[in-house]
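Chemist: Next up is a structure, given as structure tokens.
None of the figures in this text is laboratory data; all of them are computed from the coordinates on show. A quick note: this is a predicted structure, and the numbers were derived from the prediction, not measured. When we count neighbours, we look across all protein chains shown, and the Cβ atoms used for this are built from the backbone with ideal geometry, even at glycine.
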Amino acid sequence: GCVVRGAIARPEVTHIDVVERDPDVLKLVRRYLPKDIRLHVHRADALEFAIGGRRWDFAWHDLWTDRAAGEPSLISQHAKVMNRYAEHVGWQGAWAFPRSARKLCKDGFAIRPRNVSSAAQEVSQCP
């Protein structure tokens, strides 16, 4: 919600898409989201969301994973979603995904192993 509230406060922002896969999270946060015609909430997984011909100037990815349940590392999920949106977004960022852990490659983002934990080794390197 805080990124959305910050974007809504800017009059030059004309459209905001929020994509959330968990209906319980949507139920919890929807009441705190500003009522604004520029805000569009989608119940979907960011890795499956129908991008189509959309373009965004900015994307902030607020992902989470459950490592205890065997889900992939958070940093690898961030890299995966950033790669998916790379051609559609001017600038991307995420909580817990430091700039020092990524580099821009021709085909998207890749993890620099010397800057991140070994859990991030799942992400392939740029050629």
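Chemist: Between Val89 and residues 5 or more places away or on another chain, which pairs have amide H atoms under 5 Å apart, with H built 1.01 Å from N, and which residues are they?
Modeler: Sorted by chain and number, the residues that satisfy this are Trp56.
Chemist: With Cβ to Cβ distances under 11 Å as the rule, what net charge do the other residues near Gly90 carry (K, R +1; D, E -1)?
Modeler: Result for the local shell: -1.
Chemist: If you don't mind, there's one more thing I want to ask. Explain nothing, just compute: Karplus ³J(HN,Hα) = 6.51 cos²θ - 1.76 cosθ + 1.60, θ = phi - 60°, for every residue of segment 4-9 in order, whole Hz, x for Gly and Pro.
Modeler: For segment 4-9, the Karplus-derived couplings read 4, 4, x, 5, 4, 5 Hz, x marking Gly and Pro.
Chemist: Can you give me the distance in nm between label points at Ala9 and Ala69, each placed 7 Å from the Cα along the Cα-to-Cβ direction?
Modeler: Spacing of the two 7 Å Cα→Cβ label points: 3.3 nm.
Chemist: Add +1 for every Lys or Arg and -1 for every Asp or Glu among the other residues with Cβ under 14 Å from the Cβ of Asp45, and state the total.
Modeler: -2
Chemist: Can I ask one more? Quickly work out the Glu48-to-Tyr32 label distance, labels modelled 7 Å from Cα along the C-beta direction, and quote it in nm with one decimal.
Modeler: Calculated label separation equals 2.6 nm.
Chemist: Compute the distance from the alpha-carbon center of segment 34-51 to that of segment 54-86, in whole Å.
Modeler: Centre-to-centre (Cα) distance: 15 Å.
Chemist: Summing +1 for each Lys or Arg and -1 for each Asp or Glu, what net charge is found among the other residues whose Cβ lies under 11 Å from the Cβ of Pro23?
Modeler: +1
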